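Everything on this sheet refers to the single structure shown next.
The values are calculated or read from the model by the stated rules, or taken from the named source; none is laboratory data. As the structure is a computational prediction, the values presented were derived from the model and not from experiment. Neighbour counts are summed over all protein chains in view; Cβ atoms, including those assigned to glycine, are modelled from backbone coordinates with ideal geometry.
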């Protein structure tokens, strides 16, 4: 049985879930499916890399697609948080802006140093 399609399928699933989360929050509230979809996205993000490494098919293209899927998810979750819990986002703006600045600086350092942005799977990104 050919299982090599599983990691890219999980990355595609993450790309598809991200806009659903935003769509669910568009009216200023979310339903239980938001949590279900987020958990599925979170698990998909964990297991796509694990499965790819176990199958020996982890490569730069797959990792890059996974990083873009992660970024898409993060953007949609932040926008959903803004739509549903704006007051919490505003109250936490300083640490959130510091986190964003640190991540952007790390990405720029890698861009200058290595000629490409850092992966969102680095330890600093996870932190």
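A few remarks follow.
- Scanning region 22-38 for residues that are part of a helix (DSSP H, G or I) and over 12 Å from the mean Cα position of the chain (by Cα) yields a count of 10.
- Every residue from region 1-37 that is within 12 Å of residue 48 (Cβ to Cβ) and buried (at least 19 other Cβ atoms within 10 Å of the Cβ): 7, 10, 11, 14
- Single match in 57, 51 (criterion: assigned to a helix (DSSP H, G or I) and either touching a residue at least 24 places away in the same chain (Cβ under 8 Å) or in the same structural domain as residue 27 (by TED's automatic domain parsing) (or both)): 51
- Any hit, region 51-61, residues being within 27 Å of residue 6 (Cα to Cα) and under 13 Å from the mean Cα position of the chain (by Cα): no
- Residue 65 being touching a residue at least 12 places away in the same chain (Cβ under 8 Å) and either under 18 Å from the mean Cα position of the chain (by Cα) or crowded, with 16+ Cβ neighbours inside 10 Å (or both): yes
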